[in-house]
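Chemist: Before I ask anything, let me first share the structure, which is written out below as structure tokens.
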Amino acid sequence: MNSDEVTSNCPEARTTLGASNPFLANSEPATHRSSFHPPESSFCRAQVAGKFLVNSERRVWIRGVTYGAFRPRSHGDHYPEPAVVDSDFSQMAASGLNAVRTYTVPPRWLLDLAFKYKLRIMVGLPWEQHVAFLEEKSTPRRIEEQLRAGVRNCTGHPAILCYAIGNEIPAAIVRWHGRGPVERYIERLYHAAKEEDPDGLVTYVNYPTTEYLDLPFLDLVCFNVFLESQDRLRAYLARLQNLAGDRPLLLGEVGLDSRRHGEVHQAHALDWQIRTAFAAGCAGAFVFSWTDEWYRGGYDIDNWDFGLTSRDREPKPALAAVRQAFSDVPCVTQQPCPRVSVVVCSFNGARIIRDCLAGLSKLEYPNYEVIVIDDGSTDGTSSIAAQFPCRVIRTENCGLGSARNTGLKEASGEIVAYIDDDAWPDPHWLTYLVETFRTTDHAGAGGPNIPPPHDGVIADCIANAPGGPVHVLIADQVAEHIPGCNMAFRKTCLEAIGGFDAQFWTAGDDVDVCWRLQEKGWTLGFNPAAMVWHHRRNSVRAYWRQQKGYGKAEALLERKWPEKYRPAGSITWGGRIYCKTLARTLTMRSRIYHGVWGCAPFQSRCEPAPGFWQSASLMPEWYLIILSLAGLSALGLLWSPVLGAVPLLLIAVSMSLVQAANGAIRASFATAPRVRWRRLGMHGLTALLFLLQPLARLSGRLRYGLTPWRFRIRVAPKAPRPQRFQFWSERWRPAEKILKAIESVLRAHGAVVSRGGEFDRWDLRIRTGLFGGVRLLMGIEEHGAGKQLIRFRVWPWYSPGGLAAGLVLAFLAMVATWDGAWAVGMLIGALALWPLGRAIMESGVAMAIVDRGLKHVWPTGAL
């Protein structure tokens, strides 16, 4: 709902703010005293701490209500008489509310009244957002000046929660101007507000019809959502949480019209709307509205009644329902509370484990234990852990997978949660994880891991570089992968798959266990409010070692899960990787679902999967391409025509540099030095990390055998020519069961098998290397009485890229030989024979494996 009133002129209000720590927090009490507090009171501005807000180390749950807009009084003030506002604020505080959203800039006396009752004000900065405001050059400048004046009038006041620099720009206006210009203008207003009040939090209040607006610079994500179905609201909030990322999500307006639905229905709806919002991990919600009195566009609105009180301020049943719902924040059921065993595995973690255990000791969950597995540490890890309420178990150094299994064996809880020793949890971490298990049948669940904002410049740069622990989602609440620093599982499910694989010493164990659980048919959940703070590496050398270790883990995973990897060596994820670094770097042209004539009530952005040329330069194997082009260019010293590879080399190098620069430019740093050269230095270091990360991963992969030319199958090849097989079956079986059996047998023989898609004319593709394989098509003849003649057609498949590279090199070899450059011709010819020969051999080996596999399924032999 919009308010297009003009900002009123108010006297300046400047008050010094108190500092606060945005981390380990306790909840603010729901009750409020009505006595006025002096400026030195602990009631000061809230700060962002990951997905939530805090004030002086205490969690601030925003329990708010909207106020206005009201018919302006004779002197232009857009609020009722001070006595009326005082009475309203007193009643709000007594009802457990702690925040008020206004639609016009409040005068100083109203802010002072809010401070008196410990109410935080979300200041609406109204402007002509309902018109095509970018059409005339003077309008954007005038709007910015009005906004600056409004912020300036409130700067520094401790009652300010945040500034809303816009509210529901109509979808038609956004569509008219285009998404990009509107996003850039909102960013312009954001910076204008920040210049006037650097300590103020700034948001824009969006709504579902322009959900696609990408505004990563905002401090808070705020949406107005009016849904009358609890299931739809729960599902939509999960989507909004993923759009919000690491930032708090506020609901700017929720409510129901009592005139159309009745006051009892309004009270019931507000109860579940509030509870659903906080259970979904929202940092707060504003109920629309305090009173039925509402004014817009020069008229009193008298055909709806959204208020918690009537126009004469008489409470409705909704006020009592809201009071009760807000008193139960965070509104997740904790009875009965299943026991949770929190396992911390550490090897020489004395420097970092103290913060982890301190955070665990402050968890607001009534039934949990902490188990520390000291995996053969040689420092003081055990002695530090002994200072906290936990069980310490010392073992020999057997690696991370083994340590996690020890924790699983010792756990007494029905849920086992894992957190790294360089991370610490939000106080409600277990509360939200348990809520996920309580409301779903997921075998495991996880949440986001967010880098602390005060770890230093290098850690800040590394947090903006690729390669950090991220989650992969198939849907808004269903994960394909949850990182090991923040994951929990039902103990019975972990035991059913045999726990973790002990071959993974430092990384990869979480990916493997997620895949094995899903292989069993179970699912993984994701709760965006189950948050942990996770330190990033604080030196380039440590970052390099970490990425090399990840490369080793990928090599181990590929040996165990070859079907999960592309031929070149990269993992294929079925879901979307939620990583702000990749999202900023892989700039893809997205499409907006507007609906016919732009009338869709929910308009989302569809982002296609990145293509090869968009993501290639971030792949470790890209450096092998650069190296190959560099070697070919070097041959130009012996035969000048090969210098034609130099432009290709420059293009390949330029692609890496452009991607690195793009990622560095778009980086958002928690550490913001005011000296320009230091900011440039942080951007430069981030760009360097973008270049180093794939190289470090490649180093780890190559060292442990994950090479594009890997070939581990020892089977004598057959002639790679099309073949047909047929088998008679006296017992009827469905086609799907036959293909699954063949697929299983082929994989047991070491082949990488992938299924055909919905538009493919083949059923299975069998690959044994990078350059070649075979495809298989099945046909079934039904002969009655359950008898079947099952036919298979198998033909070779060759990598188009491998064939093209081989043919190009072969052509160059012939030209060089013809030109008299015999040495160069022989060298390039040898290079050409390698991909062509490998393609033929790999296809032949795949053909032999198919022959063995089919005869294994039908041991009686072919007809």
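Chemist: Being crowded, with 24+ Cβ neighbours inside 10 Å, among the small types (Gly, Ala, Ser), more than 21 Å from the chain's Cα centre (by Cα) and in a helix (DSSP H, G or I): is that true of Ala553 here?
Modeler: When the stated conditions are applied, Ala553 passes them.
Chemist: While we're on this one: Pick from Thr585, Thr581: which is in contact with a Pro (Cβ under 6 Å, 6 or more places away or on another chain), open to solvent by less than 10 Å² (accessible area, probe 1.4 Å) and at pLDDT below 85?
Modeler: Exactly one of Thr585, Thr581 is in contact with a Pro (Cβ under 6 Å, 6 or more places away or on another chain), open to solvent by less than 10 Å² (accessible area, probe 1.4 Å) and at pLDDT below 85, namely Thr581.
Chemist: Return the residue satisfying two criteria in turn: it lies in region 556-578 and is over 20 Å from Ser656 (Cβ atoms), within 12 Å of the chain's Cα centre (by Cα) and open to solvent by 40 Å² or more (accessible area, probe 1.4 Å), and of such residues it is modelled with the highest pLDDT.
Modeler: Arg576
Chemist: I would also like to ask the following. List every residue pair whose Cβ atoms sit under 6 Å apart, with the two residues 6 or more apart in sequence or on different chains, where the first one lies in region 327-351 and is at positive phi and the second, anywhere, is part of a loop (DSSP other than H, G, I, E, B) and surrounded by 17 or more Cβ atoms within 10 Å (Cβ to Cβ).
Modeler: Cβ pairs passing all conditions: Asn348/Ser377.
Chemist: Is there a residue in region 27-38 that is of a type in the set (D, E, K, R), over 30 Å from Tyr299 (Cβ atoms), modelled with pLDDT of 90 or more and surrounded by 14 or more Cβ atoms within 10 Å (Cβ to Cβ)?
Modeler: No; the residues of region 27-38 include none that is of a type in the set (D, E, K, R), over 30 Å from Tyr299 (Cβ atoms), modelled with pLDDT of 90 or more and surrounded by 14 or more Cβ atoms within 10 Å (Cβ to Cβ).
Chemist: Looking at the structure I just gave you, is Gly801 open to solvent by 20 Å² or more (accessible area, probe 1.4 Å), closer than 30 Å to Trp858 by Cβ and free of Cβ contacts under 8 Å to residues at least 60 places away in the same chain?
Modeler: no
Chemist: Regarding Ile742, is this residue within 40 Å of the chain's Cα centre (by Cα) and in a helix (DSSP H, G or I)?
Modeler: yes
Chemist: Looking at region 298-311, is at least one residue surrounded by fewer than 15 Cβ atoms within 10 Å (Cβ to Cβ) and under 16 Å from Val65 (Cβ atoms)?
Modeler: For region 298-311, residues surrounded by fewer than 15 Cβ atoms within 10 Å (Cβ to Cβ) and under 16 Å from Val65 (Cβ atoms): present.
Chemist: Among the residues that make up region 727-745, is at least one of them within 19 Å of Trp795 (Cα to Cα), open to solvent by 40 Å² or more (accessible area, probe 1.4 Å) and touching a helix residue (DSSP H, G or I) at 6+ places or on another chain (Cβ under 9 Å)?
Modeler: Among the residues of region 727-745, not one is within 19 Å of Trp795 (Cα to Cα), open to solvent by 40 Å² or more (accessible area, probe 1.4 Å) and touching a helix residue (DSSP H, G or I) at 6+ places or on another chain (Cβ under 9 Å), which makes the answer no.
Chemist: I'd like the residue in region 134-157 that is more than 29 Å from Ser590 (Cβ to Cβ) and among the polar types (S, T, N, Q) and, out of all such residues, is surrounded by the fewest Cβ atoms within 10 Å (Cβ to Cβ).
Modeler: By that ranking, first place goes to Ser138.
Chemist: Within region 242-265, take every residue that is assigned to a helix (DSSP H, G or I) and either modelled with pLDDT of 95 or more or more than 14 Å from the chain's Cα centre (by Cα) (or both) and give me the one that is surrounded by the fewest Cβ atoms within 10 Å (Cβ to Cβ).
Modeler: Arg260
Chemist: When the residues of region 523-544 are filtered to those that are buried (at least 21 other Cβ atoms within 10 Å of the Cβ) and basic (Lys, Arg), which remaining residue is farthest from the chain's Cα centre (by Cα)?
Modeler: Result: Arg537.
Chemist: Also, quick follow-up: Pairs needed: first member in region 696-722, under 11 Å from Ala555 (Cα atoms); second member anywhere, of a type in the set (Val, Ile, Thr) and surrounded by 13 or more Cβ atoms within 10 Å (Cβ to Cβ); C-beta distance under 8 Å; at least 6 residues apart or different chains.
Modeler: Arg701/Thr707
Chemist: Output yes when any residue across region 411-420 is open to solvent by 10 Å² or more (accessible area, probe 1.4 Å), farther than 18 Å from Ile482 by Cβ and either modelled with pLDDT of 95 or more or among the acidic types (Asp, Glu) (or both), and no when none is.
Modeler: yes
Chemist: Does Ala463 satisfy being touching a Pro at 6+ places or on another chain (Cβ under 6 Å), of a type in the set (Gly, Ala, Ser) and open to solvent by 10 Å² or more (accessible area, probe 1.4 Å)?
Modeler: yes
Chemist: Further question on the same structure: When residues of region 768-796 are filtered for being touching a Ser or Thr at 6+ places or on another chain (Cβ under 7 Å) and either of a type in the set (Val, Ile, Thr) or in a strand (DSSP E or B) (or both), how many remain?
Modeler: Of the residues in region 768-796, 6 are touching a Ser or Thr at 6+ places or on another chain (Cβ under 7 Å) and either of a type in the set (Val, Ile, Thr) or in a strand (DSSP E or B) (or both).
Chemist: Okay, moving on. Would you mention how many residues in region 651-681 are closer than 24 Å to Glu187 by Cα, in contact with a helix residue (DSSP H, G or I) (Cβ under 6 Å, 6 or more places away or on another chain) and in a helix (DSSP H, G or I)?
Modeler: Residues meeting the conditions: 6.
Chemist: Separate question: Looking at region 474-487, can you tell me whether even one residue there is over 18 Å from the mean Cα position of the chain (by Cα) and at pLDDT below 95?
Modeler: Looking through region 474-487, none of the residues is over 18 Å from the mean Cα position of the chain (by Cα) and at pLDDT below 95.
Chemist: Looking at the structure I just gave you, is Leu685 touching a residue at least 60 places away in the same chain (Cβ under 8 Å) and under 14 Å from Lys548 (Cα atoms)?
Modeler: Spelling it out, it is not the case that Leu685 is touching a residue at least 60 places away in the same chain (Cβ under 8 Å) and under 14 Å from Lys548 (Cα atoms).
Chemist: Moving on to the next point. Give the residue, chosen from Val794, Val815, Val824, that is in contact (Cβ under 8 Å) with a residue 60 or more places away in the chain, more than 30 Å from Ala634 (Cα to Cα) and of a type in the set (Val, Ile, Thr).
Modeler: Exactly one of Val794, Val815, Val824 is in contact (Cβ under 8 Å) with a residue 60 or more places away in the chain, more than 30 Å from Ala634 (Cα to Cα) and of a type in the set (Val, Ile, Thr), namely Val794.
Chemist: Looking at Phe115, Phe89, Phe133, can you tell me which residue is touching a Phe, Trp or Tyr at 6+ places or on another chain (Cβ under 6 Å) and touching a residue at least 12 places away in the same chain (Cβ under 8 Å)?
Modeler: After ruling out the rest, the residue left standing is Phe89.
Chemist: In addition: Just to be sure before I move on: is Pro330 over 25 Å from Pro452 (Cβ atoms) and of a type outside the set (A, V, I, L, M, F, W, C) in the structure I sent?
Modeler: No: the conditions fail for Pro330.
Chemist: If you don't mind, another one. Being within 24 Å of the chain's Cα centre (by Cα) and touching a residue at least 60 places away in the same chain (Cβ under 8 Å) is the filter here, so list the residues in region 182-202 that pass it.
Modeler: If the condition is that a residue be within 24 Å of the chain's Cα centre (by Cα) and touching a residue at least 60 places away in the same chain (Cβ under 8 Å), then Leu201 is the only one that fits.
Chemist: Looking only at region 329-362, filter to residues that are over 19 Å from His535 (Cβ atoms) and of a type in the set (S, T, N, Q); which one of those is surrounded by the fewest Cβ atoms within 10 Å (Cβ to Cβ)?
Modeler: Ranking the qualifying residues of region 329-362, first place goes to Gln335.
Chemist: Also, quick follow-up: Give just the number: which of (1) open to solvent by less than 20 Å² (accessible area, probe 1.4 Å); (2) at pLDDT 95 or above does Ser402 not satisfy?
Modeler: Looking at each condition in turn, Ser402 falls short on (1).
Chemist: Within the group Ile160, Ile169, which residue is closer than 25 Å to Phe43 by Cβ and buried (at least 21 other Cβ atoms within 10 Å of the Cβ)?
Modeler: Among Ile160, Ile169, only Ile160 is closer than 25 Å to Phe43 by Cβ and buried (at least 21 other Cβ atoms within 10 Å of the Cβ).
The values are calculated or read from the model by the stated rules, or taken from the named source; none is laboratory data. Source: prediction; values computed, not measured. Cβ: placed from backbone, ideal geometry, glycine included. Neighbour counts: every protein chain shown. SASA here: full protein model, heavy atoms, side chains in, ligands and nucleic acids out. Shrake-Rupley method; radii C 1.70, N 1.55, O 1.52, S 1.80 Å.
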